[in-house]
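Below: one structure, written as structure tokens.
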Amino acid sequence: MLQVDEAAKHAFMQVIGELRALRRDARISQTALSSRVGVRGGTISEWENLRLDPTLVHLTRWSGGLDRCLVVVGPDGKVLLPEPLWLLPGETGDSFELRRLAGPLKRRRQALKLNQKTFGRLVGVSGSAISYWELSVIPPRSVAQIVWAQKLGCSIALWPKDLVLRETIRALTEEWRPDSHPCQVAVRDRPQGTVPYRARG
């Protein structure tokens, strides 16, 4: 069974709370936001009041509808970006967002020399589930994404889209440097009030 501890529950509720606050601050109605996300009118209310958990795809769309993006933050305080940093041929926006979250965590697991079966036991799922998550074949539940990151010493955070774009461009322009890794960018510009819980849109 998925190992959802209090820290994971709290991180998930923080994300939902921040998205709710962002919508209210922007004076966007739940109906208007639901149109952006592609769900029925009452769904946003159910998500905001924790009566229904959004799927991971819906969580990335919800974030994008409010000009935010879910990012993976490593244990060293750096944002971990996917490889490659751009949309692949035939890749949809939703698929890119899932890869944005999955790729860095796969590399982190490999760096820790954990096989999928062993790591699956830490998370509370099968090794096959980890494989599906890493390939973005079957994405995890939203709270499972948080658990996945936490078990690797990482976290998931909400960032403004323009900041993510800026950091992505910075990573691309620094890629040629021998002392720079293309998929790690510092979080020194992380905005105040973002939560440890990644955007296109």
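The values are calculated or read from the model by the stated rules, or taken from the named source; none is laboratory data. None of the values given here were measured: they were computed from a predicted structure. FYI the Cβ positions are ideal-geometry reconstructions off the backbone, even for glycines, and counts take in every protein chain you see. Heavy atoms of the whole protein, side chains included, go into the accessibility calculation; ligands, DNA and RNA do not. Shrake-Rupley method; radii C 1.70, N 1.55, O 1.52, S 1.80 Å.
The residues on offer are G90, G64, and the sole one that is more than 19 Å from Q150 (Cβ to Cβ) and open to solvent by 20 Å² or more (accessible area, probe 1.4 Å) is G90. Of the residues making up the range 106-133, those that are in a helix (DSSP H, G or I), of a type in the set (D, E, K, R) and over 15 Å from M1 (Cβ atoms) are K106, R107, R108, R109, K117. Do we have any residue at all in the range 56-79 that's over 16 Å from the mean Cα position of the chain (by Cα) and modelled with pLDDT of 95 or more? No, the range 56-79 has no match at all.
Starting from the range 39-60, take each residue that is assigned to a loop (DSSP other than H, G, I, E, B) and buried (at least 18 other Cβ atoms within 10 Å of the Cβ) and list its partners that are among the acidic types (D, E) and at pLDDT 95 or above, counting only C-beta distances under 6 angstrom and pairs at least six apart or across chains. Final answer for the pair search is none. Of the residues that make up the range 146-167, is at least one surrounded by fewer than 19 Cβ atoms within 10 Å (Cβ to Cβ), touching a Cys at 6+ places or on another chain (Cβ under 7 Å) and among the basic types (K, R)? Looking through the range 146-167, at least one residue is surrounded by fewer than 19 Cβ atoms within 10 Å (Cβ to Cβ), touching a Cys at 6+ places or on another chain (Cβ under 7 Å) and among the basic types (K, R). Restricting attention to the range 78-100, the residues that are in contact with a Pro (Cβ under 8 Å, 6 or more places away or on another chain) and under 17 Å from A157 (Cβ atoms) total 5. Close Cβ contacts (under 9 Å, 6 or more residues apart or on different chains) running from residues in the range 149-161 that are of a type in the set (S, T, N, Q) to residues that are buried (at least 24 other Cβ atoms within 10 Å of the Cβ) comprise Q150/I156; S155/V72; S155/I146; S155/A149; S155/Y197.
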